[in-house]
Amino acid sequence: MKQVLLLLLFLPCLTMAQVQRIYDENVKTLTVVVDDDPTLPPILSLRKRNTLSIEWDEMSHDYQRYVYHLQHCNADWEPSDEIFESDFMAGLNNQLVEEYEKSFNTTQIYTHYRLRLPSQQLRPLLSGNYCLQIFHEDDNMNEDTPVLEAQFCLYESVANIRTQVSSNTDVDFNRDHQQVTLAVGYGTLNVIDPQRELKVVVFQNRRWDNRVTGLVPNIRNNAGIEFTHNKNLIFPAGSEFHRFEILDIHRTAMGVERIEWFDPYYHATLFADQPQHNYTFVKDQNGVFVLRSSDDEADAITAEYVVVHFFLQAPRLQGGDVYVCGLWTGEAFNPECKMEYDEIHKQYHASLLLKQGYYSYQYRQEDGATARTEGDFYQTENEYSVLVYYRGQGARYDRLVGYSVTNTGQP
């Protein structure tokens with residue numbers, strides 16, 4: 001137990017949503033939330049009055065002077081180097097994060113920080129991809145020393161997107177896969193060379209590690225492009241996500257076998273999971289995390305941190321290491337979420353320090369596959385997202401001109 005606790009002292013923050021990253025071991029639970037709804041992806045409409053809240057915990061009660069820096073990015077998430085800050089944002093970078101609260105009546109102390117967009121100090125102006133970095137003020141904004149970075153998108157509703165998902169794929173029928181058929185209408189865009197001016201990105205369950213790019217349309221006309229029978233748009237179907245919930249540190253809830261106290265942490269042991277051989281419908285949230293406690297008041301500063309123990313009951317699997325994965329783990333294969341194999345009990349195990357709430361998760365191998373850890377079932381409810389970027393001739397940045405979500409729904 002002491003070895004586990006020592007390891008947990010160095011566990012970096014587990015994050016949520018697109019590709020959110022933490023670089024400071026004292027920072028945890030980064031969330032990027034749209035309109036106060038933690039189940040939404042960090043993709044906002046440029047024309048609507050959406051709000052974005054970027055929040056995190058620093059594991060002490062010592063005030064940290066954090067400053068923020070916003071950067072517009074191209075479709076490949078590289079900085080847009082042909083436009084100036086005044087082009088893509090109103091306000092000034094390198095300002096202090098002023099909103100914070102200390103935890104109250106918790107076993108582990110922390111300070112909760114929050115940055116809201118848009119604000120009087122900062123407002124994005126252009127559609128596209130954005131990366132917001134947080135620094136310690138005394139680090140002189142060295143790009144190698146951010147505390148964290150949060151990514152989000154702003155889109156224009158210009159391109160018309162039609163998406164269909166079928167289990168009748170070009171590799172099998174009602175078995176292990178789902179195939180996306182996609183049409184993009186130009187709308188009011190002046191598209192001359194769609195192959196060079198448009199970039200279409202498709203991904204499953206908000207997983208940027210399985211996103212498909214570089215798509216070549218097989219149908220082109222004056223109104224738009226289509227992608228049919230494209231083998232790059234065939235996705236493993238996977239299975240429904242596992243779930244657990246920790247509302248009260250003194251009582252077990254969904255997915256939790258027991259909760260115990262081992263100084264200095266509460267420990268929650270989950271019921272062991274195992275690879276599925278048949279499809280079972282479960283209403284899940286495809287990797288989402290929702291901060292939640294039984295008090296249901298001021299959760300951000302009253303929720304506890306708990307060591308959560310995950311178990312996958314299975315023989316040692318071929319095909320590489322196994323990871324606990326969810327939108328809340330940040331990187332697709334966060335090194336701290338790698339599971340160790342117990343030869344005696346024939347199971348994989350991982351221990352993660354997490355804040356109270358609802359979690360959905362999967363077990364994946366390092367190549368992204370779930371075939372051995374979960375199974376692939378054509379009936380699985382999956383969410384498919386499409387982003388369409390446009391850079392017209394002579395333009396200086398990639399506009400995000402279309403966004404669409406299709407859910408395969410309950411079988």
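All of the numbers you see were taken from the coordinates with simple rules; none came from a lab. These numbers were taken from a predicted model, which means no experiment stands behind them. Ideal geometry is used to build each Cβ from the backbone, glycine not excepted, and the neighbour counts take in all protein chains shown.
Using only Cα atoms, figure out Rg for region 219-303 and give it as a multiple of 2.2 N^0.38 Å.
Details: Rg = 20.9 Å, N = 85, 2.2 N^0.38 = 11.9 Å.
Compared with the compact-globule rule of thumb, region 219-303 sits at 1.75.
Considering only C-alpha atoms, what is the centroid distance from region 162-208 to region 290-325, in Å?
That distance is 32 Å.
Taking 30 Å as R0, compute the FRET efficiency from the Cβ-Cβ separation of S119 and E82 and round it to 0.05. Don't skip to the end; give the middle numbers.
Numbers: r = 26 Å, r/R0 = 0.88.
Efficiency for this residue pair is about 0.70.
Stick to the Cα atoms of region 12-155, pair each with every other, and give me the Kirkwood hydrodynamic radius in Å at one decimal. Please report the intermediate quantities before stating the final value.
Details: mean 1/r = 0.0643 Å⁻¹.
Across region 12-155, the inverse of the average 1/r is 15.5 Å.
Residue by residue, what Karplus-based ³J(HN,Hα) values in Hz, rounded to whole numbers, does region 286-294 have, using 6.51, -1.76 and 1.60 with θ = phi - 60° and x for Gly and Pro?
6, x, 6, 10, 10, 5, 7, 9, 5
Pairs to check: K28/K48; K231/K338; K102/K355. Give those whose C-alpha atoms are more than 19 Å from each other in this structure. Before the final figure, lay out each step's value.
Details: K28/K48 30 Å; K231/K338 30 Å; K102/K355 15 Å.
Cα-Cα > 19 Å for K28/K48; K231/K338; rest within.
For region 242-365, take every pair of Cα atoms, bin their distances at 10 Å starting from 0, and report each bin as a whole percent.
Result returned by the calculation: 13, 43, 35, 8, 1.
Taking the Cα centre of each part, how many Å lie between region 346-405 and region 28-75?
Rounded to whole Å, the Cα centres lie 19 Å apart.
Per DSSP helix of 4 or more residues, -39500 (n - 2.57); summed, then divided by the residues of the chain. What does that give at 222 nm, rounded to the nearest 500?
On the way: 4 runs with 19 residues, N = 411.
Computed ellipticity for the chain at 222 nm equals -1000 deg cm²/dmol.
For region 81-219, what is the convex hull (Cα atoms) projected area averaged across all directions, in square nanometres?
Working: hull surface 57.5 nm².
Mean projected area of the Cα convex hull: 14.4 nm².
Which order do V386, V290 fall in if you start with the one that has the fewest other Cβ atoms within 10 Å?
Numbers: V386 22, V290 18.
By the 10 Å Cβ count, ascending: V290, V386.
Could you line up R251, R206, R175 from fewest to most neighbouring Cβ atoms inside 10 Å?
Numbers: R251 10, R206 21, R175 13.
Fewest-to-most ranking of R251, R206, R175: R251, R175, R206.
Under 19 Å from a point placed 7 Å out from the Cα of N174 along the Cα-to-Cβ direction: which residues of region 362-384 have their backbone N that close?
Label zone hits: 376-382.
Given R₀ = 41 Å, what would the calculated FRET efficiency be for Q276 paired with N218, taking r from the Cβ atoms and rounding to 0.05? Before the final figure, lay out the partial values.
Working: r = 35 Å, r/R0 = 0.85.
Rounded to the nearest 0.05, the efficiency is 0.70.
Over the chain, what portion of Cα pair distances is larger than 32 Å, expressed as a whole percent? Mind showing how you got there, number by number?
On the way: 32692 of 84255 pairs.
Distances greater than 32 Å cover 39 percent of the Cα pairs.
About its Cα centre, how strong a charge dipole does the chain have in debye, to the nearest 20, once Lys and Arg get +1 and Asp and Glu get -1 at the Cβ?
Numbers: 34 positive and 58 negative charges, 266 e Å.
The calculation lands at about 1280 debye.
Would you please calculate the Kirkwood hydrodynamic radius of region 313-411 over all C-alpha pairs and express it in Å, rounded to one decimal? Present the calculation step by step, with values, prior to reporting the outcome.
Working: mean 1/r = 0.0602 Å⁻¹.
Radius from the Kirkwood sum: 16.6 Å.
So what's region 339-397 giving for Rg/Rh, alpha carbon basis, Kirkwood Rh from the mean inverse pair distance?
Working: Rg = 19.5 Å, Rh = 16.3 Å.
So for region 339-397, dividing Rg by the Kirkwood Rh gives 1.19.
Could you calculate, for region 174-243, the ratio of the Cα radius of gyration to the Kirkwood radius, expressed as Rg to Rh?
Values: Rg = 14.4 Å, Rh = 13.7 Å.
Here the Rg-to-Rh quotient is 1.05.
Each label point is 7 Å from the Cα along the Cα-to-Cβ direction; what then is the distance between the points at N160 and N93, in nm?
Taking the two extended label points, one gets 3.9 nm.
For the ranges 238-250, 217-229, what's the packing order if you count other beta-carbon atoms within 10 Å of each residue, average per peptide, and put the highest first?
Details: 238-250: 20.2, 217-229: 14.5.
By packing density, highest mean first, the sequence is 238-250, 217-229.
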